[in-house]
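Structure record follows, encoded as structure tokens.
The values are calculated or read from the model by the stated rules, or taken from the named source; none is laboratory data. Predicted, not measured: the structure shown is a model, and the values here were computed from it. Please note: Cβ atoms are built from the backbone with ideal geometry, for glycine as well, and neighbour counts cover all protein chains shown. These area figures cover heavy atoms from the full protein model, side chains too; ligands, DNA and RNA do not enter into them. Shrake-Rupley method; radii C 1.70, N 1.55, O 1.52, S 1.80 Å.
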Amino acid sequence: MGVAMLPALSRAAGVAAPFALAVVIGAIVLAATGHEPLGVYGLMASEAFGGERRIAATLTAATPLLLTGLAAAVAFRSGIFNVGAEGCFYLGGMVAAVLGFALGDWPSVLLIPVALVGAAIVGGLWLVGPGVLRARLGVDEVVTTLMLNFIAVDLTSWLVNGPLLARGSANSATAPIAVGAELPRLLPPTTLHLGFVISLALVALYGLWSRFTVAGFRSRIVGLNARFSRAVGIHVSSTFLRMMVLSGLIGGLAGGIHALGLVHRFVAGFSPGYGFTGIAIALLGRNSALGIILAAIVFGALSSAGATMQLFSDVPIEIVEIMQGAVMIFAVAKFGFGQARGARA
Amino acid sequence: MMDRARVAIRLGARKVTRRFGPVVANDQIDLAVAPGTIHAIVGGNGAGKSTLMRILQGVDQPDEGSVILDDAPVRLTGPADAFARGIGMVHQEFMLAPNLTLLENLILAREPVGRGGLIDWRVAQAEADRLAALAGVALDWRVKVADAPVHQRQILEILRLLYRGADVLILDEPTAVLAPAQVTELIALMRRLKAEGRTILFISHKLDEVMSVADVITVIRVGRVVATTTPAQTDKAQLAQLMVGEAVAMAKVAPYSRPPGAPLFSARGLVARDGRGLKRLGPIDLDIFAGEIVGIAGVAGNGQDELVASAAGLGAIAEGAISFGGRDFTRAPASRFRAAGISYLSADRSEEGLCLTASISDNFIAGREQESPFSRGGFLRLKMINAGAENALAKLSVRYGRLTDAVRSLSGGNQQRVAIARELERGPRLLVAAQPTRGVDIVGIAFIHEQIAAFRDRGGAVLLVSEELEEILTLSDRIVGLYGGQVTGQLLRSEASVEKVGRLMLGQKAA
């Protein structure tokens with residue numbers, strides 16, 4: 001009784017609050033450094049959404065975040081705090097790039113799916129270990145998946161400096177993928193590519209899956225209360241394992257799409273933390289499909305506006321990073337607040 | 001503080017009204033708790049007791065009326081404010097840190113600080129010993145809360161209030177989780193605290209306790225005070241009448257005849273351990289036939305939990321064998337127990353019996369989501385789910401708003417009905433029912449008893465575990481005593497009496 005009379009409204013407010021707070025913090029920082037907050041925000045908005053090209057750049061930047069956010073959400077909703085999407089992203093990117101040049105003479109319709117599926121499979125396999133450890137022995141997945149990130153990043157970094165280093169290249173990079181492996185551009189000359197549509201479709205599919213399928217139902221109930229799930233006969237440990245691997249598959253696919261769609265090769269430092277940003281996106285979006293899409297676009301807008309803004313103003317790019325960081329902090333704070341309230345009411 | 005003996009009302013309410021939308025949870029409630037007395041509040045589920053307690057704690061504010069402290073109206077800003085004025089509360093769900101020891105929990109947030117800003121453990125221990133002596137209890141203060149039995153946690157909660165200087169203790173259904181012997185202990189503790197001059201306000205469903213310990217009894221029904229009386233002026237039947245406002249019909253139970261054929265469920269040499277690996281049960285043999293209710297009588301902690309877990313497929317069996325319908329289930333996972341037709345009503349409704357944060361319909365289909373007609377080809381059929389849930393909940397007269405509401409929003413009795421709907425609608429052959437009416441009001445208890453008896457009459461087998469002797473005697477066709485993990489004997493209902501079952505529970509052979 002008396003609990004949340006307007007659940008939809010309060011949920012919307014809960015999602016918007018971290019952004020609002022981040023905007024306020026950003027404004028304080030801007031004002032303190034002698035900038036005009038409103039003016040800078042106006043510039044940012046127009047850099048992110050003013051015109052077709054800028055929107056395309058924002059959506060390009062949002063593309064990897066859609067999938068890393070999805071990878072996190074799939075795990076979170078079933079009660080698994082998988083923070084290993086970053087590692088999967090690296091491995092998936094590398095596998096897709098290697099397949100993209102090794103099988104370069106294959107036709108695109110075959111090559112692209114094979115490279116992407118390969119990327120996803122490697123990402124999924126990468127998390128089998130943490131999944132089994134969690135499901136069978138109750139080993140904390142935060143630790144195992146976090147540590148595997150370092151291994152994945154350093155393993156791929158070693159590979160592109162050694163066995164996979166492009167001939168004649170001084171940079172730590174593989175050879176570029178074959179043209180036939182590149183994901184088609186949607187709005188040339190912008191970099192927006194087919195990967196955005198694939199990612200968007202997968203997030204939408206997830207929305208349907210989570211609401212309308214038996215597996216989606218089970219993973220949600222397991223995430224809400226594992227002991228209850230076991231008592232009503234839902235396989236808790238196999239749900240944990242499956243959701244962990246699914247999360248890894250999506251993380252790997254995210255890397256593969258990033259390699260084939262935008263970078264067109266694999267390089268050391270392939271991801272500026274997309275896997276971790278995905279965690280913030282899942283938390284902000286409350287694991288809902290719509291929430292993930294909105295949060296990914298906002299983060300995409302921040303990074304694409306930040307990149308171009310400093311070309312045209314003396315606003316340092318760091319302000320964007322401060323805002324991103326603030327959003328993440330408030331997203332997590334909000335998350336904790338929601339948990340605490342949930343436990344009490 | 002010293003003048004408090006002279007005030008008439010230490011804690012009370014004057015014309016307190018609290019509305020939630022169209023629901024009036026508290027309607028012009030008057031309450032007067034005199035200092036140094038034990039005051040009981042009784043009322044059914046959803047009568048408005050919890051709302052009133054929240055208001056007295058300052059957690060919630062009345063729409064009209066006011067809280068009275070020391071004869072004067074006050075406006076409490078929150079639990080901390082109430083505490084500063086000497087009012088402390090023990091909630092039904094304990095608020096302790098499981099990974100800390102009893103001593104650490106006692107001093108938490110009020111640590112005695114010694115030299116250099118460090119905790120002075122000697123002072124802490126001395127204070128703990130003083131409180132334990134005052135309460136007349138022996139506690140091992142070094143044990144972690146997670147490892148302490150539930151009645152010790154309860155005592156710790158009370159001692160913590162004393163440690164922090166509360167002189168008014170509000171206890172919300174303090175005996176709901178206790179075994180009969182522990183209830184006696186708690187009541188003795190309450191009496192000692194009263195003798196010390198402290199004031200106790202406690203909420204209970206259990207009229208025996210209320211009659212034995214309370215000085216004054218306030219009865220609440222649908223948000224209103226219907227009577228304020230004393231044990232001398234009333235009796236249990238009258239209180240029950242006041243609480244429910246209507247005559248309570250006891251479940252009619254048909255005479256028992258041992259069902260023919262082989263047992264449906266059978267345990268042989270069953271041994272089970274608790275979460276810490278201690279042997280709690282067995283070896284025991286137990287048979288349950290289709291069409292009978294087997295009641296397990298025993299004081300809490302004598303192996304019932306392990307028996308229930310073994311029968312529901314939720315606990316690993318250390319030794320022995322379990323068979324169901326002629327097949328071996330000794331090593332089967334919980335899902336196979338379910339699939340074979342074993343249903344389970346958990347004693348821990350909020351953590352295991354239901355998923356409180358999920359919706360009513362989710363709770364109804366959980367575990368059956370893959371069955372027809374709730375899904376087809378891996379896709380849920382929301383219409384069928386809603387229709388099935390509506391139908392089943394209507395049969396059990398569950399009062400709810402919408403199927404999408406969280407189960408948390410229902411009263412305790414209605415929550416249990418949702419669990420029963422799920423467990424009985426799936427057409428089980430054996431129902432494992434652990435404390436099926438814990439925390440449910442009198443009308444709800446009779447209703448749940450009828451459901452269980454009707455299931456038996458349809459040919460179902462029931463394993464009933466309850467700490468309520470009355471429940472065991474009302475429902476069971478056969479009563480099996482459990483003491484120290486061993487079967488102490490069994491009685492047919494026709495030969496059972498309170499005295500005989502009491503002897504079984506205490507480990508004495510049935511005479």
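Scanning the stretch A:234-283 for residues that are closer than 30 Å to B:Gly313 by Cα and not in a helix (DSSP H, G or I) yields A:Ile234, A:His235. Pairing residues of the stretch A:321-345 that are at pLDDT 75 or above with residues that are in a helix (DSSP H, G or I) and small (Gly, Ala, Ser), at Cβ distances under 6 Å and at least 6 apart in sequence or on separate chains, gives A:Met323/A:Ala22; A:Met323/A:Gly26; A:Ala326/A:Ala22; A:Val327/A:Ala22; A:Met328/A:Ala280.
Taken over the stretch A:253-295, the criterion of being of a type in the set (Val, Ile, Thr) and buried (at least 24 other Cβ atoms within 10 Å of the Cβ) is satisfied by A:Ile257, A:Thr277, A:Ile279, A:Ile281, A:Ile292.
All conditions in (1) modelled with pLDDT of 95 or more; (2) farther than 30 Å from A:Asn171 by Cα; (3) open to solvent by 10 Å² or more (accessible area, probe 1.4 Å) hold for A:Met244, with the sole exception of (3).
Table: residues versus (1) out of contact with any Cys (no Cβ under 8 Å at 6 or more places or on another chain); (2) more than 17 Å from A:Arg220 (Cα to Cα).
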| residue | (1), (2) |
| --- | --- |
| B:Ser346 | yes, yes |
| B:Glu351 | yes, no |
| B:Asp362 | no, no |
| B:Ser375 | yes, no |
| B:Gly378 | yes, no |
| B:Met384 | yes, yes |
| B:Arg402 | yes, yes |
| B:Gly412 | yes, yes |
| B:Ile420 | yes, yes |
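Restricted to strands (runs of 3 or more DSSP E) entirely inside the stretch B:408-509, those with at least 3 residues that are in contact with a Phe, Trp or Tyr (Cβ under 9 Å, 6 or more places away or on another chain) are B:430-434, B:461-466. Filtered by the rule that a residue be aliphatic (A, V, I, L, M), within 21 Å of B:Gly459 (Cβ to Cβ) and part of a strand (DSSP E or B), the stretch B:268-295 gives B:Leu286, B:Ile288, B:Ile293, B:Val294. State yes or no: is A:Val236 within 28 Å of A:Val74 (Cα to Cα), within 14 Å of another protein chain (Cβ to nearest Cβ) and among the β-branched types (Val, Ile, Thr)? So A:Val236 fits the description; yes. Of the residues making up the stretch B:312-364, those that are among the β-branched types (Val, Ile, Thr) and either open to solvent by 30 Å² or more (accessible area, probe 1.4 Å) or facing chain A (nearest Cβ under 8 Å) (or both) number 1. Of all residues in the stretch A:296-309, those that are surrounded by 15 or more Cβ atoms within 10 Å (Cβ to Cβ) and either at pLDDT below 80 or within 15 Å of A:Gly39 (Cα to Cα) (or both) total 4. Return the residues of the stretch B:145-186 that are at pLDDT 90 or above and open to solvent by 20 Å² or more (accessible area, probe 1.4 Å); say none if nothing qualifies. Those that are at pLDDT 90 or above and open to solvent by 20 Å² or more (accessible area, probe 1.4 Å): B:Arg160, B:Tyr163.
Given the condition part of a helix (DSSP H, G or I), more than 24 Å from A:Trp106 (Cβ to Cβ), open to solvent by 60 Å² or more (accessible area, probe 1.4 Å) and free of Cβ contacts under 8 Å to residues at least 12 places away in the same chain, answer yes or no: does some residue in the stretch A:156-172 qualify? The answer is yes, given that some residue of the stretch A:156-172 is part of a helix (DSSP H, G or I), more than 24 Å from A:Trp106 (Cβ to Cβ), open to solvent by 60 Å² or more (accessible area, probe 1.4 Å) and free of Cβ contacts under 8 Å to residues at least 12 places away in the same chain. Of the residues B:Ala461, B:Ala434, the single one that is within 14 Å of chain A (Cβ to nearest Cβ), within 21 Å of B:Leu307 (Cα to Cα) and small (Gly, Ala, Ser) is B:Ala434. Taken as a whole, the stretch B:414-424 holds no residue that is within 17 Å of the chain's Cα centre (by Cα), basic (Lys, Arg) and open to solvent by 40 Å² or more (accessible area, probe 1.4 Å).
Residue pairs, Cβ under 8 Å, 6 or more apart or interchain, first in the stretch B:8-20 and on the phi < 0 side of the Ramachandran plot, second assigned to a strand (DSSP E or B) and hydroxyl-bearing (Ser, Thr, Tyr). List them. Within 8 Å, the pairs are B:Arg10/B:Thr199; B:Leu11/B:Thr199; B:Ala13/B:Ser66; B:Arg14/B:Ser66; B:Val16/B:Ser66.
Answer yes if at least one residue in the stretch A:298-318 is within 14 Å of the chain's Cα centre (by Cα) and outside any helix (DSSP H, G or I), and no otherwise. Within the stretch A:298-318 (the criterion being within 14 Å of the chain's Cα centre (by Cα) and outside any helix (DSSP H, G or I)), the answer is no, since none of the residues qualifies.
Residues that are open to solvent by less than 30 Å² (accessible area, probe 1.4 Å) and more than 7 Å from chain B (Cβ to nearest Cβ) were ranked within the stretch A:208-218; the one that is farthest from B:Gly378 (Cα to Cα) is A:Ser210. In the stretch A:219-232, of all residues being surrounded by fewer than 24 Cβ atoms within 10 Å (Cβ to Cβ) and within 7 Å of chain B (Cβ to nearest Cβ), the one that is nearest to B:Gly377 (Cα to Cα) corresponds to A:Arg230. For the stretch B:381-411, a residue qualifies if it is open to solvent by less than 20 Å² (accessible area, probe 1.4 Å) and either facing chain A (nearest Cβ under 9 Å) or at pLDDT below 90 (or both), and the qualifying residues are B:Leu396, B:Val398, B:Leu410.
Every listed requirement among (1) under 20 Å from B:Val440 (Cα atoms); (2) open to solvent by less than 50 Å² (accessible area, probe 1.4 Å); (3) touching an Asp or Glu at 6+ places or on another chain (Cβ under 7 Å) is met by B:Arg224 save one, (2).
Do the conditions hold for B:Phe455, that is, is it modelled with pLDDT of 90 or more, more than 14 Å from chain A (Cβ to nearest Cβ) and within 29 Å of B:Leu396 (Cα to Cα)? Judged against the criteria, B:Phe455 is a match. The one condition from (1) open to solvent by less than 50 Å² (accessible area, probe 1.4 Å); (2) free of Cβ contacts under 8 Å to residues at least 24 places away in the same chain that A:Phe76 does not meet is (2).
B:Gln28 meets all of the listed conditions (1) modelled with pLDDT of 90 or more; (2) closer than 30 Å to B:Glu351 by Cβ; (3) polar (S, T, N, Q); (4) open to solvent by 60 Å² or more (accessible area, probe 1.4 Å) but one, namely (2). Scanning the stretch B:171-227 for residues that are small (Gly, Ala, Ser), in contact (Cβ under 8 Å) with a residue 60 or more places away in the chain and over 22 Å from B:Phe94 (Cα atoms) yields B:Gly197, B:Ala214, B:Gly223. Among the residues making up the stretch B:366-423, none is touching a strand residue (DSSP E or B) at 6+ places or on another chain (Cβ under 6 Å), free of Cβ contacts under 8 Å to residues at least 24 places away in the same chain and under 30 Å from B:Ala25 (Cα atoms). Quick one: in the stretch B:57-90, of everything that is in a loop (DSSP other than H, G, I, E, B) and in contact (Cβ under 8 Å) with a residue 60 or more places away in the chain, which residue is farthest from B:Glu157 (Cα to Cα)? Restricting to residues being in a loop (DSSP other than H, G, I, E, B) and in contact (Cβ under 8 Å) with a residue 60 or more places away in the chain, the top hit is B:Asp71. Considering only the stretch B:369-378, state which residues are facing another protein chain (nearest Cβ under 8 Å) and either of a type in the set (Asp, Glu) or surrounded by 14 or more Cβ atoms within 10 Å (Cβ to Cβ) (or both). Within the stretch B:369-378, B:Glu369, B:Gln370, B:Ser375 meet the criteria.
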